[in-house]
Amino acid sequence: MWKKMLLFSMIFFVGAALVIYATGPGTGAEAIKGRITLYTSVPQPIVDRLQNEFMKKYPGITLDAFRSDTNAVIAKMMTEHQAGQIMGDLVWVAEPSTYEEFKDQGLLLKIAPPEAANLDPSMKDPEGYYYAARLINMVIAYNTLKVTDPPKSWEDLVTKNYGSMGYPTPLRSGASVAATETLVSRFGWDYFEKFKRNGGMQLQSNATVSDMILKGEHSVGVILDFMVRPLMAKGSPINYVWPAEGTIFIPSPIAVLKNTKNLRAAELFVNYLLSREGQETVVKVGDFYPVRKDVAAPAGAPPIAGIRKLPTDWKAVKDNTKAHNERWTKIFGR
């Protein structure tokens, strides 16, 4: 009998702990207080909304954020690491290979947020160090006033004449690092040499690509999908296509940094982002694809299951980034 009572007690306390971790005010989560800092490349307006939503739900926690492009975030982390301590608690940048580097350097803390059980294995690190919190996708955008026959494939960008075309430099954009590796793996470096000869130019960011397309200075550009849909909704002269060979899907992970001084609050933010409520907020305010199957795609976007995927080898992204950046610089400069 006593063994059954002990087993029941263990189940009760474990279950209670999960409820406190996974749910909101009124269940014990309100006892978690303090300040945490997120290092991120997620666009500032989206970060602002997520901060407000999270702090409204958990008023005892103050969520600060440092926001810049992926390479600048990494540079800040490395500078602080070399000085003895990274000042942030969480990092949320573009793609998985960066987190493998962080793991190798011992910068991340293994966590087990309950909501991670609702993620596909492709959306989380099997060792528990990072979890995708949004899905971003590299697509081809075009100016609807200048392009009457839009590109339908990656090959079209090197075989048809669209005039000036933009591509976010992988020297600054983490998503572009992944896209470049994926396209090189499929087509070889000759693809980018042809792209340049056909009017392709490197630009400083995905935002610059969209700006140049809207201004009509570039007719076509390679860009992240979530940056185009809000512009389309406003009636701006821009649209995009899912390339025929496949779209480059990029899970964008979040992780807790090993030096965090407020582990419970940092874990709570990760769990919030992975929850159904958090993912619905991510979709609503960011126009991102969710990482959960029980959350719908952004308004006006097709279900992810129906989109053809161009596979990315994340180990190759990690191993080849330095060499690829050197090769890129020889073609496009800095």
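The values are calculated or read from the model by the stated rules, or taken from the named source; none is laboratory data. Note that the structure is predicted; figures quoted are calculated from it, not measured. Ideal geometry is used to build each Cβ from the backbone, glycine not excepted, and the neighbour counts take in all protein chains shown.
Counting only residues that are surrounded by fewer than 22 Cβ atoms within 10 Å (Cβ to Cβ) and in contact with a Lys or Arg (Cβ under 9 Å, 6 or more places away or on another chain), segment 131-150 holds 1 of them.
Kindly indicate whether GLY199 is farther than 30 Å from ALA75 by Cα, without any contact (Cβ under 8 Å) to a residue 60 or more places away in the chain and surrounded by fewer than 23 Cβ atoms within 10 Å (Cβ to Cβ). Against the criterion (farther than 30 Å from ALA75 by Cα, without any contact (Cβ under 8 Å) to a residue 60 or more places away in the chain and surrounded by fewer than 23 Cβ atoms within 10 Å (Cβ to Cβ)), GLY199 qualifies.
Within segment 80-102, the set of residues being outside any helix (DSSP H, G or I) and touching a residue at least 40 places away in the same chain (Cβ under 8 Å) comprises GLN85, ILE86, MET87, GLY88, ASP89, LEU90, VAL91, TRP92, VAL93, ALA94, GLU95.
Regarding ARG292, is this residue basic (Lys, Arg), surrounded by 17 or more Cβ atoms within 10 Å (Cβ to Cβ) and over 27 Å from MET77 (Cα atoms)? When the stated conditions are applied, ARG292 passes them. Residues in segment 142-158 that are under 16 Å from MET201 (Cα atoms) and either among the β-branched types (Val, Ile, Thr) or not assigned by TED's automatic domain parsing to the domain that holds THR208 (or both): VAL158 alone. When LYS318, LYS261 are checked against the criterion of being farther than 22 Å from ALA207 by Cα, touching a residue at least 40 places away in the same chain (Cβ under 8 Å) and surrounded by fewer than 18 Cβ atoms within 10 Å (Cβ to Cβ), LYS261 stands alone in meeting it. All conditions but one from (1) surrounded by fewer than 22 Cβ atoms within 10 Å (Cβ to Cβ); (2) in a helix (DSSP H, G or I); (3) among the polar types (S, T, N, Q) apply to SER153; the one that does not is (2).
With the structure loaded, tell me whether GLU245 is outside any strand (DSSP E or B) and either in contact with a strand residue (DSSP E or B) (Cβ under 7 Å, 6 or more places away or on another chain) or within 18 Å of ASN161 (Cβ to Cβ) (or both) or whether it fails that test. Considered against the rule, which asks whether it is outside any strand (DSSP E or B) and either in contact with a strand residue (DSSP E or B) (Cβ under 7 Å, 6 or more places away or on another chain) or within 18 Å of ASN161 (Cβ to Cβ) (or both), GLU245 comes out as no.
The set of residues in segment 248-281 being more than 30 Å from THR144 (Cα to Cα), part of a strand (DSSP E or B) and not β-branched (Val, Ile, Thr) consists of PRO253, ALA255, LEU257. When ASP89, ASP104 are screened for being touching a strand residue (DSSP E or B) at 6+ places or on another chain (Cβ under 9 Å), in the same structural domain as THR40 (by TED's automatic domain parsing) and not β-branched (Val, Ile, Thr), only ASP89 passes.
Taken over segment 35-79, the criterion of being basic (Lys, Arg) and free of Cβ contacts under 8 Å to residues at least 12 places away in the same chain is satisfied by LYS56 alone.
A quick yes/no check of all residues on (1) surrounded by fewer than 20 Cβ atoms within 10 Å (Cβ to Cβ); (2) acidic (Asp, Glu); (3) in contact (Cβ under 8 Å) with a residue 40 or more places away in the chain; (4) not assigned by TED's automatic domain parsing to the domain that holds ILE111:
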site: GLY188; (1), (2), (3), (4): yes, no, no, yes
site: GLU193; (1), (2), (3), (4): yes, yes, yes, yes
site: VAL209; (1), (2), (3), (4): no, no, yes, yes
site: ASP225; (1), (2), (3), (4): no, yes, yes, yes
site: VAL228; (1), (2), (3), (4): no, no, yes, yes
site: MET232; (1), (2), (3), (4): yes, no, yes, yes
site: GLY235; (1), (2), (3), (4): yes, no, no, yes
site: PRO243; (1), (2), (3), (4): no, no, yes, yes
site: VAL256; (1), (2), (3), (4): no, no, yes, no
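Within segment 230-261, the set of residues being closer than 21 Å to SER153 by Cβ and among the charged types (D, E, K, R) comprises just one member, GLU245. Residues in segment 156-186 that are closer than 30 Å to GLY235 by Cα and surrounded by fewer than 18 Cβ atoms within 10 Å (Cβ to Cβ): THR159, LYS160, ASN161, GLY163, SER164.
Scan segment 72-93 and give yes if some residue there is surrounded by 15 or more Cβ atoms within 10 Å (Cβ to Cβ), polar (S, T, N, Q) and closer than 18 Å to LEU257 by Cβ, otherwise no. No, because not a single residue in segment 72-93 is surrounded by 15 or more Cβ atoms within 10 Å (Cβ to Cβ), polar (S, T, N, Q) and closer than 18 Å to LEU257 by Cβ. In segment 6-13 there is no residue that is of a type outside the set (A, V, I, L, M) and at pLDDT 50 or above.
For the criterion of being surrounded by fewer than 19 Cβ atoms within 10 Å (Cβ to Cβ), in a helix (DSSP H, G or I) and outside the structural domain of VAL47 (by TED's automatic domain parsing), LYS284 fails.
It is to be established whether one or more residues within segment 220-239 are more than 27 Å from ALA117 (Cβ to Cβ), in contact with a helix residue (DSSP H, G or I) (Cβ under 8 Å, 6 or more places away or on another chain), in a helix (DSSP H, G or I) and at pLDDT 95 or above. The answer is yes, given that some residue of segment 220-239 is more than 27 Å from ALA117 (Cβ to Cβ), in contact with a helix residue (DSSP H, G or I) (Cβ under 8 Å, 6 or more places away or on another chain), in a helix (DSSP H, G or I) and at pLDDT 95 or above.
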